[in-house]
Amino acid sequence: MIKHTNARPQAANYNLLKSLAIFMVIAVHMLSVAELMPAGDVRAYRIHEVIRTILLTSNGLFFMISGRFLLEHYDGRIGRFYWKRVVKIGIPVLLAAFFYYWYVYGRNGIGFSFWKGFVKDFLQCHIQGYFWFVFALAGFYLAVPFLAKMFAAMSQREKRILTCVTMAYFFIQNLYQIFSLEMVLTSYPFYSWLFYCILGYLLDSLELSGKEKNWLIRTGGLAFLVSAWEICFWERENPAIHNYSVTMILMTTAIYLAVTTYGAHIAERFSNVINFITRRSFYIYLMHGITQFWLGEWISRYLAGNPTTGLISDGAGTVIRAVPESGGLARLWLLWLGLSIISYGMALGIGCALDWIYGPVSKRLIGIKWPIRKGDVK
């Protein structure tokens with residue numbers, strides 16, 4: 001049995017990590033608004049891809065943070081656990097997806113074809129591409145009640161062995177991909193984003209020493225250099241470089257440990273601001289897409305009236321490029337960073353409104369009493 005543990009607020013350093021990760025998500029998606037890879041510019045391509053690789057650690061970080069606390073605080077009540085995920089995650093995603101679909105297709109009326117298309121596209125995650133994260137996380141949510149029991153019964157030695165075996169499996173699978181071999185080792189249950197979901201919990205439950213944490217952080221730095229070399233100079237392609245490669249796992253681990261270990265002072269100092277942002281981080285994630293669409297349109301209209309900026313936009317007004325030979329690429333990088341910050345602020349504003357509207361509803365729904373079956377909680 002699992003002992004009942006009362007839910008506790010996340011420590012400020014984990015909230016700092018979550019706030020950083022959501023900004024990285026926004027920044028990497030802003031790369032599709034600001035075209036930072038002029039055709040034929042190899043140097044610009046390398047810089048772009050190296051920065052993009054760093055930003056994509058945000059995917060793993062989100063999975064790690066989510067899994068770390070769910071596995072630790074699971075209280076043994078399966079039905080209530082699933083219901084809270086539906087209320088806190090499922091309903092907001094469904095409503096956000098409806099908003100995006102309505103924003104694009106609603107002007108033609110909301111009839112049978114509209115609803116049919118919405119349901120079909122929602123189930124296939126075609127409405128907003130970055131919602132894939134929620135669909136991937138849903139599978140982990142289903143497994144939490146059982147994984148929590150498994151990990152609660154494991155010794156630290158077993159957890160270390162599990163981590164090492166899994167990393168070795170990822171490495172072998174990556175070699176298969178790099179050398180275009182038929183992947184026959186396909187049955188390992190943790191070969192997916194699920195490993196990231198349990199990795200944060202594993203790292204913290206192992207109670208690593210300061211020396212071990214520093215070693216892992218340095219290893220993550222070395223993994224970044226290896227990834228940068230792969231991007232810039234290696235002739236082969238690594239299909240898993242941004243998700244299931246050992247280098248990406250080590251980079252993500254390094255950022256996780258660095259922020260949660262050495263960011264505690266900053267997190268405590270600005271805890272009120274960080275906690276304010278983190279409370280609305282999921283709404284920021286859901287709605288930052290519309291802010292980037294609006295920003296792309298606004299900047300495009302501005303550039304149309306100011307042709308001497310060294311920047312231009314495409315005909316659709318959604319992609320901003322530098323004028324060749326104008327020196328505008330450096331300004332475009334600054335614009336990308338500025339737009340990312342503005343998008344973050346705009347999405348936070350929308351998140352505050354949504355939290356004000358849906359927060360009370362969410363609490364009321366979660367407050368529904370669920371029967372506790374004998375033996376569920378000890």
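The values are calculated or read from the model by the stated rules, or taken from the named source; none is laboratory data. What you see is a predicted model, and the numbers here were worked out from it, not measured in a lab. Cβ atoms come from the backbone with ideal geometry, glycine included; neighbour counts cover every protein chain shown. For accessibility, only protein heavy atoms count, side chains too; no ligands or nucleic acids. Shrake-Rupley method; radii C 1.70, N 1.55, O 1.52, S 1.80 Å.
What the table below lists for this structure:
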read-out	value
Selected residue (only one of 249, 255 is open to solvent by 30 Å² or more (accessible area, probe 1.4 Å) and under 14 Å from the mean Cα position of the chain (by Cα))	255
Flag if residue 104 is without any contact (Cβ under 8 Å) to a residue 24 or more places away in the chain and either in contact with a His (Cβ under 7 Å, 6 or more places away or on another chain) or not small (Gly, Ala, Ser) (or both)	yes
Qualifying residue in the range 284-307 (condition: under 20 Å from the mean Cα position of the chain (by Cα), modelled with pLDDT of 95 or more and closer than 20 Å to residue 45 by Cβ)	no
Sole exception among (1) open to solvent by less than 70 Å² (accessible area, probe 1.4 Å); (2) of a type in the set (Phe, Trp, Tyr); (3) modelled with pLDDT under 95 for residue 201, by number	(3)
Filter result (open to solvent by 30 Å² or more (accessible area, probe 1.4 Å) and under 24 Å from residue 45 (Cβ atoms)) within the range 329-353	329, 330, 331, 333, 334, 335, 337
Cross-chain or 6+ apart pairs with Cβ under 7 Å, the range 227-239 first and open to solvent by 20 Å² or more (accessible area, probe 1.4 Å), then of a type in the set (Asp, Glu)	231/49
Residue in the range 173-192 that is in contact (Cβ under 8 Å) with a residue 40 or more places away in the chain, hydrophobic (A, V, I, L, M, F, W, C), out of contact with any His (no Cβ under 9 Å at 6 or more places or on another chain) and under 20 Å from residue 60 (Cα atoms) present	no
